[in-house]
Amino acid sequence: MTICLGWLAFHYHGKYTAVQDDISSQETITGNILTTINLMQDIAKATHDDKNAIALESQRAKADIKAAVTGDACADSPVPAGAVNRLRDYANSVRSGTSSSATH
């Protein structure tokens, strides 16, 4: 009888230890996942904040340029088509995040 009790105690202690190891492993994995999610959220927030700052600076620059050319004789003259196309191409490349080093 004592041998059976000893064997049962040893057997279930081994299972208990294995379950504890599994739980510890799962807690580690869960912690790593939460850390990754928090990092991704921080990156997304920083990117969002940067985009907002860029948009605000663009609006300020637009207002500053508009104020600077108000009343200037050159501001009333048409811009040559080649210059307009080049500026549009450049603006599109900035919006898409790519830039061309080629000059026209």
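Since every read-out is calculated from the coordinates, none of them should be taken as a lab result. Remember, predicted model here, so these are calculated numbers, not experimental data. Quick reminder, even Gly has a Cβ in these numbers, built from the backbone with ideal geometry, and neighbours come from all protein chains shown.
Explain nothing, just the number: dipole magnitude of the chain about its Cα centre with +1 on each Lys and Arg Cβ and -1 on each Asp and Glu Cβ, in debye rounded to the nearest 20.
Charge dipole, the chain, about its Cα centre: 300 debye, nearest 20.
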Under a Gaussian network model of the chain whose springs join Cα atoms within less than 10 Å, the largest fluctuation of 71, 14, 31 belongs to 14
Once residue 34 and residue 60 are pulled to full extension, the length gained, defined as 0.36 nm per residue separation minus their Cα-Cα distance, is 5.5 nm
Expected max-MSF residue from 25, 77, 93 in the GNM of the chain (alpha carbon, under 10 Å) is 93
Nearest 10, in degrees from 0 to 90: the angle of helix 2-69 to the longest Cα principal axis of the chain is 10
Projecting the Cα atoms of 4, 59, 90 onto the charge dipole of the chain, where Lys and Arg contribute +1 and Asp and Glu -1 at Cβ, the residue farthest towards the positive end is 90
Residue 93 and residue 76 label points (each 7 Å along its Cα→Cβ direction) are spaced in nm at 3.5
Quick calc, residue 27 & residue 47: beta-carbon distance into FRET formula, R0 41 Å, rounding 0.05, result 0.85
To the nearest 10 degrees, the tilt of helix 81-96 (Cα long axis) against the first principal axis of the alpha carbons of the chain is 10
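Write down the Å³ per residue value for the convex hull defined by the alpha carbon atoms of segment 6-88.
Working: hull volume 7.0 nm³, N = 83.
That works out to 85 Å³ per residue.
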